[in-house]
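Let me begin by presenting the structure, written as structure tokens, before commenting on it.
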Amino acid sequence: MQCFFLEMMSNFVTYLSYSLYEEIFYVFDKLISLCADMINEHVLKKCIIALVDKYTMKSKQHKQTLTTFMKCLLDVNMSKKT
């Protein structure tokens, strides 16, 4: 099931910078929480590029999504080390 969400995430993040609605960040947050422990380098790079793209809508929710994304990555990194 996580493989499905990872594939969905990979396709979804390419449209993140084109969205005019901040609800897209809620969907991104949910997808990242569902497939965080399986995320690979390719999808990770796509997520980072989409989140810092100059056309991505900057809002309060965008800032919260960045925070959630970083926490999730740090949690996964810490769990892999132990």
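Let me have the relative contact order for the stretch 2-81, percent, based on Cα pairs under 8 Å that are six or more residues apart. Intermediate values should be presented prior to the final figure.
Numbers: 64 pairs, mean separation 33.4, N = 80.
Normalised by residue count, the contact order of the stretch 2-81 is 42 percent.
Among 27, 43, which comes first, then next, by fewest other beta-carbon atoms within 10 Å? If you can, show how the numbers build up before the last one.
Values: 27 15, 43 19.
With the sparsest Cβ surroundings first, the list reads 27, 43.
Of all trypsin sites (Lys or Arg not before Pro) in the chain, which ones are in loop regions per DSSP and have a Cβ with at most 14 other Cβ atoms within 10 Å?
When the trypsin sites (Lys or Arg not before Pro) of the chain are filtered for loop state and at most 14 Cβ neighbours within 10 Å, 54, 58 remain.
Which value in deg cm²/dmol, rounded to the nearest 500, describes the helix-derived mean residue ellipticity at 222 nm for the chain, given -39,500 (n - 2.57) per DSSP H run of n ≥ 4 and division by the residue count?
Values: 4 runs with 58 residues, N = 82.
When only DSSP H runs of four or more count, the value is -23000 deg cm²/dmol.
Just to check, using Stokes-Einstein with a Kirkwood Rh over alpha carbon pairs, what's the diffusion coefficient of the stretch 2-81 at 10 °C and 1.306 mPa s in µm²/s?
Details: Rh = 12.6 Å.
Rounded, D is 126 µm²/s.
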Margin query: Loop-only GluC sites (Glu not before Pro) in the chain, please: DSSP not H, G, I, E or B, and at most 16 other Cβ atoms within 10 Å.
Written below: 22
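Since every read-out is calculated from the coordinates, none of them should be taken as a lab result. Please read these numbers as outputs of a predicted model, since none were measured by experiment. In this analysis, Cβ positions are derived from the backbone assuming ideal geometry, glycine residues included, and neighbour counts consider all displayed protein chains.
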